[in-house]
Amino acid sequence: MKGKPLPRVTEVTRPYWDAARAGRFVIQRCGRCRRFVHYPRPWCPHCWSTELDWVEASGRGEVVTYTAVHQAPSPAFAVGAPYVLAVVRLAEGPQMMANVVHIQPREMRVGLPVRVTFEEREGGFRVPQFEPATG
Amino acid sequence: MRNEPAIAAATEMRPGRYPELSALGMYEAVLATFLRQWSLDPKAVDGFLACPAGMASGETADIFVHEELADSLGLHPRFSETVNAGGASYAIMAHRASWAISEGLADAVLCVGAGKFPKVGAGGADAMARMVSHPDFEYIYGAFIPALYALAARRHMHERGTTREQLAAVAVSTRRWALLHPDALMRGQGPITLEDVLNSRPVAEPFNLLDCSVPCEGGAAFLVARGDIARRITPQPAYLLGAGEYHDHGPVSAARDFAAMGAPEAATAAFRSAGLVPADVRVAEIYDAFTINSIMFLEATGLVAPGEGGRFFLEGRGAPGGELPVNTYGGLLSFGHTGDASGISMVVEGALQVMGRAGARQAPDASVALVHTYGGMMSEHCTLLLGRNP
């Protein structure tokens with residue numbers, strides 16, 4: 001069976017995926033207006049500066065919304081169904097999608113504090129995920 | 001609006017599965033159905049808008065549809081293009097056509113859409129997931145269509161107290177309307193109850209199978225014409241009183257307001273341009289890929305107060321005989337979701353209601369209809385207000 005999908009790595013996103021391989025969670029920060037940016041892009045969506053730096057993020061956030069997926073879109077995800085798909089608001093501000101792992105779907109709630117963890121994928125990829133931040 | 005643009009003719013093909021037809025073949029079938037119903041003079045049509053063919057079905061998206069079809073129809077329009085904003089494409093076509101007519105760029109604009117929704121099994125769900133989610137930052141997490149909408153539902157439930165039963169009530173109400181439409185896909189399945197929805201198999205919480213629209217194939221065409229031309233075609237056209245658009249997030253994880261998305265901005269603009277208020281609306285046609293959408297966008301367009309949408313459906317107020325008929329053709333939930341063409345169904349039905357041509361499902365008062373559509377993952381929104389008087 002084919003494994004879970006891998007991201008395409010582009011010139012813009014390479015630092016994100018390289019850091020994840022090393023177990024580090026980095027996001028972009030605008031060099032002009034100092035706001036944080038995610039997903040990665042060549043410009044700041046707030047001020048259109050093209051000077052963006054990669055910075056270590058706290059890896060902390062909270063669940064904005066979530067679902068438990070019972071009917072998976074492909075066999076690779078059916079193995080783990082039901083799995084939790086969520087939108088997390090990072091402590092730095094931007095939102096991102098991820099799975100919340102190490103939790104039963106019925107224990108999920110909006111506002112749950114979470115912290116980053118990494119999931120191994122094929123080809124040495126590590127994909128940022130979130131787990132409940134206890135303590 | 002100047003020149004009183006109005007929908008003068010509208011026909012939707014019977015939704016179903018048409019394996020013998022290619023994406024372009026679907027367009028031809030839709031247009032042939034339309035031409036058989038309305039006797040129109042090709043010389044009177046000087047505008048033509050179409051949607052890309054074959055996107056959702058995974059055939060290469062054909063972006064020159066307007067050229068091919070206009071030529072085939074013997075048209076040489078002075079206003080023509082292939083328009084794409086997903087499900088919002090068709091309300092946006094009506095909006096663009098009304099501008100063109102208002103500004104004297106065209107007198108009569110033919111708008112058409114045809115689509116195929118891939119079968120969810122056989123890799124269809126995965127292919128659709130790839131198309132509607134961010135490939136590198138969403139798709140890799142097992143995102144797919146019902147799950148992405150479930151994110152909106154969960155947030156709506158959290159913020160506004162919407163319940164699982166209230167979602168089910170939308171499916172029940174919408175099915176009741178479908179039973180009145182001779183072409184609705186789920187008509188033969190008969191009525192459903194709250195229990196049927198609650199007991200159908202889970203897809204992505206809080207959605208069960210009966211919270212999801214029904215994938216199929218189909219399409220429709222409508223003609224937007226200058227008022228005097230429209231009145232020569234039909235005694236009661238559906239005047240375009242106002243329209244509003246708002247193009248919000250791309251990937252759904254970037255949404256700023258999961259409970260409303262970009263709908264309030266589009267609706268506010270539509271009401272402002274029409275000089276109307278929500279209390280003027282007598283019938284509503286709302287893009288309903290999932291049960292939550294009817295609740296979200298009934299609230300977001302101001303037709304009911306925030307947090308009241310769920311109760312509205314549970315009390316049957318949007319069902320046949322209710323105070324504000326919603327999705328009178330049976331919705332994408334029970335009429336059928338025709339893939340690329342889905343967003344044309346509510347434009348056609350809004351027009352037919354206002355024109356008084358909706359048969360057994362005719363709302364008692366359809367003096368003003370609101371049509372709300374969106375494209376992408378509730379990303380781009382277009383609201384139309386149609387009425388009996390210009």
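The values are calculated or read from the model by the stated rules, or taken from the named source; none is laboratory data. Owing to the predicted nature of the structure, the values given are computational and were not obtained by experimental measurement. All Cβ positions, glycine included, derive from the backbone under ideal geometry; neighbour counts span all protein chains shown.
Quick rundown of the values:
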read-out: Complete set of residues in the range B:130-154 that are at the interface with chain A (Cβ under 7 Å from one of its Cβ atoms) and of a type in the set (V, I, T); value: B:I140
read-out: Subset of the range B:106-128 (residues that are closer than 30 Å to B:G142 by Cβ and among the charged types (D, E, K, R)); value: B:K116, B:K119, B:D126
read-out: Any hit, the range B:339-348, residues being modelled with pLDDT of 95 or more and charged (D, E, K, R); value: no
read-out: Count of the range A:1-23 residues which are away from chain B (no Cβ under 14 Å) and buried (at least 18 other Cβ atoms within 10 Å of the Cβ); value: 1
read-out: Checklist (1) out of contact with any Leu (no Cβ under 9 Å at 6 or more places or on another chain); (2) more than 9 Å from chain B (Cβ to nearest Cβ); (3) surrounded by fewer than 20 Cβ atoms within 10 Å (Cβ to Cβ) applied to A:P128, failing item; value: (3)
read-out: Matching option when the condition is without any contact (Cβ under 8 Å) to a residue 60 or more places away in the chain, buried (at least 19 other Cβ atoms within 10 Å of the Cβ), not assigned by TED's automatic domain parsing to the domain that holds B:S39 and not in a loop (DSSP other than H, G, I, E, B), among B:A152, B:A129, B:A100; value: B:A129
read-out: Failed criterion for B:A147 (all others in (1) crowded, with 24+ Cβ neighbours inside 10 Å; (2) in contact with a helix residue (DSSP H, G or I) (Cβ under 8 Å, 6 or more places away or on another chain); (3) not basic (K, R) hold); value: (2)
read-out: Hits in the range A:76-91 - residues which are more than 9 Å from chain B (Cβ to nearest Cβ) and either within 19 Å of B:A147 (Cβ to Cβ) or surrounded by 18 or more Cβ atoms within 10 Å (Cβ to Cβ) (or both); value: A:A78, A:V79, A:V84, A:R89, A:L90
read-out: Filter result for the condition that a residue is among the basic types (K, R), in a helix (DSSP H, G or I) and assigned by TED's automatic domain parsing to the domain that holds B:A254, over B:R317, B:R311; value: B:R311
read-out: Residue match in the range B:333-355 (condition: in a strand (DSSP E or B) and not aliphatic (A, V, I, L, M)); value: yes
